[in-house]
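Worksheet for the structure shown next.
Nothing in this text is a laboratory measurement; each read-out follows from the coordinates by a stated rule. Values in this document were obtained by computation on a predicted structure and should not be read as measured data. No Cβ is skipped: glycine too gets one built from the backbone with ideal geometry, and neighbour counts run over all protein chains shown.
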Amino acid sequence: MQIHYLQHVWFEDLGAIQDWADANNHSVTKTALHKNEKLPLTEDFDMLVVMGGPMGVHDDNKYPWLTQEKKFIEQALKQNKKILGICLGAQLIAHVLGAKIYKNKHKEIGWFQVQKINNHSLFPPEFTPFHWHGDTFDIPSDALPLAKTQACLHQAFSWNNHQAIGLQFHLEAKPINIQNLIAQCPQDLSPAPFVQSAAHILSDNAHHISCQSIMSDLLSLICHSPA
């Protein structure tokens with residue numbers, strides 16, 4: 001399978017998704033939007049991964065490439081490409097599908113437990129992934145809500161029989177990804193009810209392996225779902 005991903009900042013890369021792709025002999029290409037790289041033709045890939053970033057869905061004036069990216073995601077959806085969105089990526093997919101994107105009541109940064117909602121097999125009943133977001137999304141029309149946390153009601157959704165899946169949280173994050181986020185976005189770590197300190201975040205190493213296992217299972221499900 002040919003996987004293409006959209007990168008918004010250098011310090012948010014595929015992480016564990018790259019490990020899964022390598023282990024399963026899938027090819028990976030990318031568009032670094034922050035470098036104004038050209039988007040590919042949709043026929044050049046089978047699966048699209050839309051990564052996270054510190055910008056917001058409505059920041060087109062500051063990041064003009066967002067406008068073209070939204071059109072590209074819409075085109076990929078219409079052409080039945082498999083799509084996974086992470087954090088900003090999930091918000092972009094939700095936006096393209098007509099849902100509202102807005103500031104969540106609380107920033108959510110750190111390791112917080114997620115609870116599965118509705119009857120699906122994409123996640124275990126409870127798990128603890130890494131979070132780093134201030135915005136959230138409404139669930140798109142005809143999409144299935146998948147998960148929630150205490151701080152954020154809408155954590156994930158599936159659309160069109162798992163053709164598109166949006167995750168607010170970061171199952172792909174490896175220790176180096178988290179270290180880079182902390183180094184590049186320290187201003188986000190101001191004390192708040194659902195913002196853990198950098199020391200707390202870096203000292204919690206209990207969840208990486210289980211999160212990467214969930215990510216691997218989810219990617220395999222997307223890979224084998226009907227196009």
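Backbone geometry of the range 75-92 corresponds, through the Karplus equation with coefficients 6.51, -1.76 and 1.60 at θ = phi - 60°, to 3J(HN,Hα) couplings of 5, 5, 4, 5, 9, 6, 6, 6, 9, 10, x, 10, 6, 4, x, 5, 5, 5 Hz, x marking Gly and Pro. Taking 25 °C and 0.890 mPa s as conditions, the chain diffuses translationally at an estimated 141 µm²/s according to Stokes-Einstein applied to its Kirkwood radius (Cα pairs). Between 202, 41, 146, the residue with the greatest mean-square fluctuation in the GNM of the chain (Cα pairs under 10 Å linked by springs) is 41. Restricting the trypsin sites (Lys or Arg not before Pro) of the range 1-91 to loop positions (DSSP other than H, G, I, E, B) with no more than 10 neighbouring Cβ atoms within 10 Å leaves 38, 62.
For the chain, the 222 nm mean residue ellipticity estimated from helices alone, with every DSSP H stretch of n ≥ 4 adding -39500 (n - 2.57) and the total spread over all residues, rounds to -8500 deg cm²/dmol. Relative to its Kirkwood radius, the Cα radius of gyration of the range 22-133 gives an Rg/Rh of 0.98. The lysines whose alpha-carbon is closer than 18 Å to the alpha-carbon of residue 81, local same-chain residues fewer than 8 away aside, are 30, 70, 71.
Placing +1 on each Lys and Arg Cβ and -1 on each Asp and Glu Cβ, with no other charges, gives the chain a dipole about its Cα centre of roughly 400 debye. Measuring between their Cα centroids, the range 159-209 and the range 85-139 lie 12 Å from each other. For the chain, relative contact order (Cα pairs under 8 Å, six or more residues apart, normalised by length) works out to 20 percent. Each residue of the range 2-19 is assigned a 3J(HN,Hα), and the resulting list reads 9, 9, 10, 10, 9, 10, 9, 8, 4, 8, 10, 10, 5, x, 5, 5, 4, 4 Hz, derived from the Karplus form 6.51 cos²θ - 1.76 cosθ + 1.60 (θ = phi - 60°), x at Gly and Pro.
Find out how many positive minus negative residues lie around residue 16, taking Lys and Arg as positive, Asp and Glu as negative, among other residues whose Cβ is under 12 Å from that of residue 16. Kindly include the intermediate steps, with their values, before the conclusion.
Details: positive: 174; negative: 13, 19, 22, 172, 217.
Every neighbour counted, the sum reads -4.
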